[in-house]
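Peer 1: Here it is, the structure, as structure tokens.
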Amino acid sequence: MRTVPASRYVDADFLALEQRRIFERSWLMVGRAAELKGPGDYLALKIGDVPVMVLRDQNGTLRAFRNHCRHRGTQLLDEGRGNVKAIRCPYHDWKYALDGRLRHVPGEELFEPLDKASLGLHPLRALEAIGLIWVNASPQGPDLWATSGAIFEEVAPYQLEEMTPVHEHWSTVPCNWKAVLDNATESYHLTRVHGMTVDKHVTTRPEFRTYGDHYRLTLPIADYPWRTWFDAATGRGGPYTPKQMAELHKYVLFPNFLMNVLPYHLTIFQVWPDGPDRCRFFYGFYERKGARGLEWLRVRATWLASRYILREDLAILLRFQDGVRAGRADHHRFHEDERALAHFHDALARWTDAEHE
Ligand code: FES
Ligand SMILES: [Fe+2]
């Protein structure tokens, strides 16, 4: 698709369609496996309209359930992260084990006979891969490896599960969720928005490849003196090929996850819609566990630079959204350097057009 209707960035009905047909049916990255370490550690969030909980049960197995009570539907766990020994409903105190089984019903004898075995929490699909947790709010559709396995295999040499946070941050950005991803995957804006920063270091067009709805942009990192020596001093965890040391891979796992993969650091974006012209944005920057000396310094220098660049991006996104609101009847057309956006919007149209609900 070389053009898209501007209304896709401002229309509440279109967002409702995206939530129902894309978010409620896709494999979504919701956090790092290291955040849910032991039994009872949980993460609760809304996927579209579906309240979801992901947790480790008593055996350390990762599980996901719909986050609502089988008595009369009350939301069980507060959104966010925490630890529980069991899941207790705040309304009439039904109690569920960490594996979802209904364990206790106060005053059970005053119900008509209850088949407790069939009143466990509704299970959802959840899996760990590359150190991250992936959840699907729909029981239907392809499994995670069918959609993303090729990418997981490709990044396996980078051992992303060893990465540890330098900085993690949630913020609210006043623009449509798609605009953040669009902006992060096109190089057409570099000269004007990042004239003093990235533009100087990007000399060639990124290579583009697709994996179904997902895609990758590969950017060569411009050469400089001492490069080989510097790379060798800061690239633990390999061995990495010179090619791996000299390339940044930017993966977008449709719909809302992006990662920049390099041997010595990792960047993660999650973008969640919060109204048609607002989104919740997670930015995480990671280094390999145990970074010291030059590697430590290199990671921090890169992190500071990327924060600065991100600020340039967020400023322009705000102006983008303000303008689009005024020109909602227009169509946007994509440049060759915005070809990843064309691919993304094709996938988006396929999902939102799909009839089967
Ligand atoms: S709604 Fe949960 S116990 Fe009544
Ligand atoms: Fe940018």
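Bear in mind these aren't lab numbers, they're just calculated from the coordinates by the rules spelled out. Just so we're clear, the structure is a prediction, and the values are computed from it rather than from any experiment. Neighbour counts are summed over all protein chains in view; Cβ atoms, including those assigned to glycine, are modelled from backbone coordinates with ideal geometry.
Peer 1: Could you work out how far apart the two model spin labels at residue 224 and residue 143 are, taking each label as a point 7 Å from the Cα in the direction of the beta carbon, and quote it in nm?
Peer 2: That separation, rounded to one decimal, is 4.5 nm.
Peer 1: Can you figure out the FRET efficiency of residue 58 with residue 91, using R₀ = 22 Å and their beta-carbon distance, to the nearest 0.05? Intermediate results must be reported in sequence, preceding the final value.
Peer 2: On the way: r = 24 Å, r/R0 = 1.11.
According to the calculation, E is roughly 0.35.
Peer 1: Taking the inverse of the average 1/r across all pairs of different Cα atoms in the range 236-331, what Kirkwood radius in Å do you get?
Peer 2: Numbers: mean 1/r = 0.0635 Å⁻¹.
Taking every pair of different Cα atoms in the range 236-331, averaging 1/r and inverting gives 15.7 Å.
Peer 1: Quick check on my link table: of 85/116; 37/85; 37/116, which ones sit more than 25 Å apart, alpha carbon to alpha carbon? Please list the in-between numbers first.
Peer 2: Values: 85/116 20 Å; 37/85 14 Å; 37/116 29 Å.
In this structure, 37/116 exceed 25 Å between Cα atoms.
Peer 1: Which parts of the range 273-300 would a label at residue 307 reach, counting a residue when its backbone N lies under 15 Å from a point 7 Å out along Cα-to-Cβ?
Peer 2: Within reach of a label on residue 307, which here means backbone N under 15 Å from a point 7 Å along Cα→Cβ, the range 273-300 contributes 283-287, 297-300.
Peer 1: Using a Cα-Cα cut-off of under 19 Å, which aspartates and glutamates could be cross-linked to residue 95, ignoring same-chain neighbours fewer than 8 residues away?
Peer 2: Result set, ordered by chain and number: 41, 57, 78, 79, 108, 109, 112, 115.
Peer 1: Still on this structure, please answer the following. Given R₀ = 30 Å, what would the calculated FRET efficiency be for residue 232 paired with residue 81, taking r from the Cβ atoms and rounding to 0.05? Intermediate results must be reported in sequence, preceding the final value.
Peer 2: Details: r = 38 Å, r/R0 = 1.28.
For R0 = 30 Å, the calculated efficiency reads 0.20.
Peer 1: How many nm is it between the label spots at residue 119 and residue 191, if each spot is 7 Å from the Cα in line with the beta carbon?
Peer 2: Between residue 119 and residue 191, the simple spin-label model gives 6.7 nm.
Peer 1: While we're here: Run the numbers on the chain and let me know its relative contact order in percent, using alpha-carbon pairs under 8 Å that are six or more apart. It would help to have the intermediate numbers written out before the result.
Peer 2: Working: 641 pairs, mean separation 76.2, N = 357.
Normalised by residue count, the contact order of the chain is 21 percent.
Peer 1: With the cut-off at 1.5 for a/c, could you classify the chain from its C-alpha gyration tensor as rounded, prolate or oblate?
Peer 2: Values: a/c = 2.28, a/b = 1.45, b/c = 1.57.
Because a/c hits 1.5 or more and a/b fails to exceed b/c, the chain counts as oblate.
Peer 1: Taking chymotrypsin sites (Phe, Trp or Tyr not before Pro) as candidate sites, keep only those in a DSSP loop with at most 12 other Cβ atoms within 10 Å, then name the longest stretch of the chain containing none of them.
Peer 2: On the way: sites that count: 111, 226.
By the stated rule (loop sites, at most 12 other Cβ atoms within 10 Å), 227-357.
Peer 1: Next question, about the same structure. Which length gain, in nm to one decimal place, applies between residue 169 and residue 336 when the Cα-Cα distance is subtracted from 0.36 nm times their residue separation?
Peer 2: On the way: separation 167, 0.36 × 167 = 60.12 nm, distance 3.21 nm.
Extra length available between residue 169 and residue 336 comes to 56.9 nm.
Peer 1: Roughly what would the spin-label model give for residue 111 and residue 2, points 7 Å off Cα along C-beta, in nm?
Peer 2: Rounded to a tenth, the inter-label distance reads 6.1 nm.
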